[in-house]
Amino acid sequence: MTPLGAGEMRNRTATVHGRSVSYVEGGSGQLLLLIHGMAGTAENWKSVIEPLALRNAVVAPEFPGHGLSEPGGGDYSLGSLASGLRDLMLTLGHERATLVGHSLGGGVALQFTYQFPEMVERLVLVSSGGLGPDVSPILRAAALPGADLFISATAGIGAQAGSLLGSAFGKLGLRPSADVAEVARGYASLADPERRKAFLATLRAVVGTEGQRVAALDRLYLAEALPLLIIWGDRDPIIPVAHGEETHRQLPGSRLEVFPGVGHVPQLESPGSFVAALERFLDETEPAEFDRDEWRARFKTA
């Protein structure tokens, strides 16, 4: 297979435990593992993946039942998704990475860090789940019984509505934000029964009718020695920026970048600022060195 040049990207597929896993790969050097959010795909990173691959190796996988990846075996919990990423990394010959997780992907990155600390060099949380109970009422509603029927009936219409919305904004000389466009695209993809099944299973593993069901707040102290960057938009309508601010307060050694006027998808809404913040973080920090004795000591003193 021909080696990839700087900034060059390829769509690829790997077989892990007998199932096909789709991912985008490019660049060379230290590995950035870009982890997408709920109902997302590798497309969530389309505006930043090539610039990042100019100086780094980049892998952007797609969760089971998302994008072109085959559905999983029915377990869409954070632990299972984190294990799947570990297994993909090992299949591709990677032993360590800087994890960059968006939304649900942030929660998976946190779980990965908890389960496989020896494989994590740095952690980047982007509009991350798993840091508090608050979440958009839309996602809480999707956790209700019967949501499958509603989504099935409206996802196709949602695709048409998204197209009409874009057309209407265009006639006014305006562009719908990347935030709105990405939500519309993700919702439209749920017209496919298998994707809808994977989405609902993934959602209900982490979100209930009262909000997020899984939180890493009681284990954040384990990441004190890990280089941590938190990126958020101050107008995020899905997960409030207060979650990122509180995490930064709990881990004062972390870095917090809040983008003004930006919503839930900073890497698409403000890609230049996103790449600059991430590259600066990579340049100014050293990969964590895992110390098993120090790790065990944290549990004893907690």
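Tabulated values for the structure
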{"read-out": "Check on R235, on the phi < 0 side of the Ramachandran plot, surrounded by fewer than 20 Cβ atoms within 10 Å (Cβ to Cβ) and part of a loop (DSSP other than H, G, I, E, B)", "value": "yes"}
{"read-out": "Subset tally (residues that are surrounded by 22 or more Cβ atoms within 10 Å (Cβ to Cβ) and without any contact (Cβ under 8 Å) to a residue 60 or more places away in the chain) for region 42-57", "value": "3"}
{"read-out": "Criterion (surrounded by 18 or more Cβ atoms within 10 Å (Cβ to Cβ) and in the same structural domain as H102 (by TED's automatic domain parsing)) met by exactly one of V258, V275", "value": "V275"}
{"read-out": "Selection from region 2-15 of residues that are modelled with pLDDT under 95 and surrounded by 15 or more Cβ atoms within 10 Å (Cβ to Cβ)", "value": "L4, G7, E8, M9"}
{"read-out": "Hits in region 256-276 - residues which are assigned to a helix (DSSP H, G or I), over 10 Å from R235 (Cβ atoms) and touching a helix residue (DSSP H, G or I) at 6+ places or on another chain (Cβ under 9 Å)", "value": "P266, Q267, L268, P271, G272, S273, F274, V275"}
{"read-out": "Residue selected from region 214-255 under the condition free of Cβ contacts under 8 Å to residues at least 60 places away in the same chain and among the basic types (K, R), by the criterion farthest from F281 (Cα to Cα)", "value": "R235"}
{"read-out": "Count of region 58-105 residues which are free of Cβ contacts under 8 Å to residues at least 60 places away in the same chain and under 18 Å from F116 (Cβ atoms)", "value": "13"}
{"read-out": "Looking only at region 239-255, and only at residues there that are touching a Leu at 6+ places or on another chain (Cβ under 8 Å) and surrounded by fewer than 21 Cβ atoms within 10 Å (Cβ to Cβ), the one that is farthest from F274 (Cα to Cα)", "value": "Q250"}
{"read-out": "Some residue of region 18-27 being surrounded by fewer than 17 Cβ atoms within 10 Å (Cβ to Cβ) and modelled with pLDDT under 95", "value": "yes"}
{"read-out": "Residue list for region 48-68, restricted to those being of a type in the set (G, A, S) and farther than 21 Å from E95 by Cα", "value": "G65, G67"}
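The values are calculated or read from the model by the stated rules, or taken from the named source; none is laboratory data. As the structure is a prediction and not an experimental result, all values here were calculated from the model. All Cβ positions, even for glycine, are placed from backbone atoms using ideal geometry, and neighbour counts span all protein chains on display.
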